[in-house]
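**Q** Handing you a structure now.
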Amino acid sequence: MNPLLDKLQPYPFEKLRKLFADVTPNPAYRPISLGIGEPKHPTPAFIRDALADSLDGLAAYPATAGSEALRATIGAWLERRYGLPKLDIATQVLPVTGSREALFALAQTVIDPRRGDALVACPNPFYQIYEGAAYLAGAEPYFLNSNPARNFAPDYQSVPPQVWERVQLLFLCSPGNPTGAVLTLEDWKALFELSDRYGFVIASDECYSEIYFKDEPPLGGMEAAHKLGRTGYPRLISFSSLSKRSNVPGMRSGFVAGDADILKKFLLYRTYHGSAMGPAIQSASVVAWGDETHVQENRTQYIRKFRQVTPLLAEVLDVALPDAGFYLWARVDKLASISDVDFAKRLYAEYNVTVLPGSYLAREAHGINPGQNRIRMALVAETAECLEAAQRIVEFTRKLAAH
């Protein structure tokens, strides 16, 4: 067996199951889960119809590069959304079967396994795929702790040069999971300068880009590169997905775009790996990327929900409306001294509400675990259910404080 598999840690939800294994939740309350970031808003009917209407295409093998119609639709969306110049859809756009598998696979393409000192830098807390991708590519992860004082962005300038010299790939997540923070143009400028100096590839995970709470949509990596005059998006690959945007996580449909030289090698890797999107999924993806009305309606639901739930929780937790995404990232010790793990376990036992301990989403690095004493709450259910969960959390936390 591949010994690198032994480096993989249990996924956060496996840790949560073990935490709850000996707990019987209070039967007076119906279960409400804010634990998993899985969209619960209904899938638009026109996407389901397009999928069903395309099932007669199952008798043909799909091309790994996807159909020209899908690449063209994705390219047009990128140009509209980010104000980009015309993209070469043959070389700068590639459909993928969800951003998760593509994030993992890019590391296998980029990392040089002959270098025993290779590092993959990533934010901390982080989407767990980043760490697993690093280990299975033969590299080690280097964690960049989020800093609440910097809107949860890491302090990239504090990383020693000898570390950057070993970094071959940098994972970013903007809007961030779990923090909801969005990188600024100044952040991007600094990161591009580091990439130019040390030669590492930037993988920009932007799957939450269409759920935001301000008038201005989140800045994307390719958009930042264009604004800074970086023709051809050197050493930059952006990832996006329909899962959150269109409420279709079960379709496993996304794309990567950016540096044509990297995508050429990535396509070669994917051809051997067998990562082709099914024809019916491609057809449904075309109509999904081509429509913005359902995206605006989805975003409106999240805005309404977050504006009702966040002030309630802010009474008892240290929490604020994020820049974007569908998570609240809250400190639990505002009113009572309690760890994130104990908070999650007792809340489940006493009020039948599931939240994810923040320390499960991070690793101890540079002397701290930046997820410690925080919880992640995914406000993915309908507004009424999220409000009920919030009211239970308020009651639970006030009870903690009273003792």
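The values are calculated or read from the model by the stated rules, or taken from the named source; none is laboratory data. All of these numbers come straight from a predicted model, not from anything done at the bench. Every residue, glycine among them, receives a Cβ derived from its backbone with ideal geometry; neighbour counts consider all protein chains shown. To get the accessible areas, we keep the full protein, side chains included, count just its heavy atoms, and leave off ligands, DNA and RNA. Shrake-Rupley method; radii C 1.70, N 1.55, O 1.52, S 1.80 Å.
**Q** Working only within the range 334-345, note down all residues that are at pLDDT 95 or above and either farther than 20 Å from Asn369 by Cα or acidic (Asp, Glu) (or both).
**A** Hits for the range 334-345 are Asp340, Asp342.
**Q** Which residues, taken from the range 81-98, are within 22 Å of the chain's Cα centre (by Cα) and of a type in the set (D, E, K, R)?
**A** Across the range 81-98, the qualifying residue is only Arg81.
**Q** If you don't mind, another one. Can you pull out the residues in the range 246-262 that are open to solvent by 10 Å² or more (accessible area, probe 1.4 Å) and assigned to a helix (DSSP H, G or I)?
**A** Pro249, Gly250, Met251, Ala260, Asp261, Ile262
**Q** Same structure, new question: More than 18 Å from the chain's Cα centre (by Cα), in contact (Cβ under 8 Å) with a residue 40 or more places away in the chain and surrounded by fewer than 24 Cβ atoms within 10 Å (Cβ to Cβ): does that describe Leu228? Can you show your working first?
**A** On the way: more than 18 Å from the chain's Cα centre (by Cα): yes; in contact (Cβ under 8 Å) with a residue 40 or more places away in the chain: yes; surrounded by fewer than 24 Cβ atoms within 10 Å (Cβ to Cβ): yes.
So Leu228 fits the description; yes.
**Q** Same structure again: Identify all residues within the range 299-325 that are surrounded by fewer than 21 Cβ atoms within 10 Å (Cβ to Cβ) and farther than 18 Å from Arg374 by Cα; write none if there are none.
**A** Arg299, Thr300, Gln301, Ile303, Arg304, Arg307, Gln308
**Q** What are the residues in the range 279-295 that are surrounded by fewer than 20 Cβ atoms within 10 Å (Cβ to Cβ) and either farther than 19 Å from Ala76 by Cα or of a type in the set (D, E, K, R) (or both), if any?
**A** Residues satisfying the conditions are Ala280, Asp291, Glu292.
**Q** How many residues does the range 351-382 contain that are of a type in the set (Val, Ile, Thr), over 16 Å from the mean Cα position of the chain (by Cα) and surrounded by fewer than 24 Cβ atoms within 10 Å (Cβ to Cβ)? First the steps, then the outcome.
**A** Within the range 351-382, the subset of a type in the set (Val, Ile, Thr) is 353-355, 368, 375, 380.
Retained after the next criterion (residues that are over 16 Å from the mean Cα position of the chain (by Cα)): 353-355, 368, 375.
Next, only the ones that are surrounded by fewer than 24 Cβ atoms within 10 Å (Cβ to Cβ) stay: 354, 368.
Residues in the range 351-382 being of a type in the set (Val, Ile, Thr), over 16 Å from the mean Cα position of the chain (by Cα) and surrounded by fewer than 24 Cβ atoms within 10 Å (Cβ to Cβ): 2 in total.
**Q** Look at Val316 and say whether it is part of a helix (DSSP H, G or I) and of a type in the set (Val, Ile, Thr). Give the steps one after another, and end with the answer.
**A** Values: part of a helix (DSSP H, G or I): no; of a type in the set (Val, Ile, Thr): yes.
So Val316 fails the test.
**Q** Is it the case that the range 339-349 has a residue that's surrounded by fewer than 23 Cβ atoms within 10 Å (Cβ to Cβ) and over 24 Å from Asp22 (Cβ atoms)?
**A** Taking every residue of the range 339-349 in turn, none turns out to be surrounded by fewer than 23 Cβ atoms within 10 Å (Cβ to Cβ) and over 24 Å from Asp22 (Cβ atoms).
**Q** When only residues in the range 59-80 that are under 25 Å from the mean Cα position of the chain (by Cα) and not in a helix (DSSP H, G or I) count, which is surrounded by the most Cβ atoms within 10 Å (Cβ to Cβ)?
**A** Gly66
**Q** Moving on to the next point. Of all residues in the range 1-58 being basic (Lys, Arg) and not in a loop (DSSP other than H, G, I, E, B), which is surrounded by the most Cβ atoms within 10 Å (Cβ to Cβ)? Write out each step before concluding.
**A** Filtering the range 1-58 down to residues basic (Lys, Arg) leaves 7, 15, 17-18, 30, 40, 48.
From what's left, not in a loop (DSSP other than H, G, I, E, B): 7, 15, 17-18, 48.
Numbers: Lys7: 14, Lys15: 17, Arg17: 11, Lys18: 10, Arg48: 14.
Result: Lys15.
**Q** I'm told Leu335 meets every condition in (1) in contact (Cβ under 8 Å) with a residue 24 or more places away in the chain; (2) within 24 Å of Leu183 (Cα to Cα); (3) part of a loop (DSSP other than H, G, I, E, B) except one. Can you identify the failing condition by its number?
**A** (2)
**Q** Return the pairs, sorted by first residue and then second, in which the second residue is open to solvent by 50 Å² or more (accessible area, probe 1.4 Å) and among the β-branched types (Val, Ile, Thr), the first residue lies in the range 360-389 and is touching a residue at least 60 places away in the same chain (Cβ under 8 Å) and on the phi < 0 side of the Ramachandran plot, the beta carbons are less than 7 Å apart, and the residues are 6+ apart or on different chains.
**A** From residues that are touching a residue at least 60 places away in the same chain (Cβ under 8 Å) and on the phi < 0 side of the Ramachandran plot, the pairs are Ala378/Ile36.
**Q** Going by the conditions given, is Ser275 modelled with pLDDT under 95 and open to solvent by less than 30 Å² (accessible area, probe 1.4 Å)? If you could, list the steps in order and put the result at the bottom.
**A** On the way: modelled with pLDDT under 95: yes; open to solvent by less than 30 Å² (accessible area, probe 1.4 Å): yes.
For Ser275, the condition - modelled with pLDDT under 95 and open to solvent by less than 30 Å² (accessible area, probe 1.4 Å) - is met.
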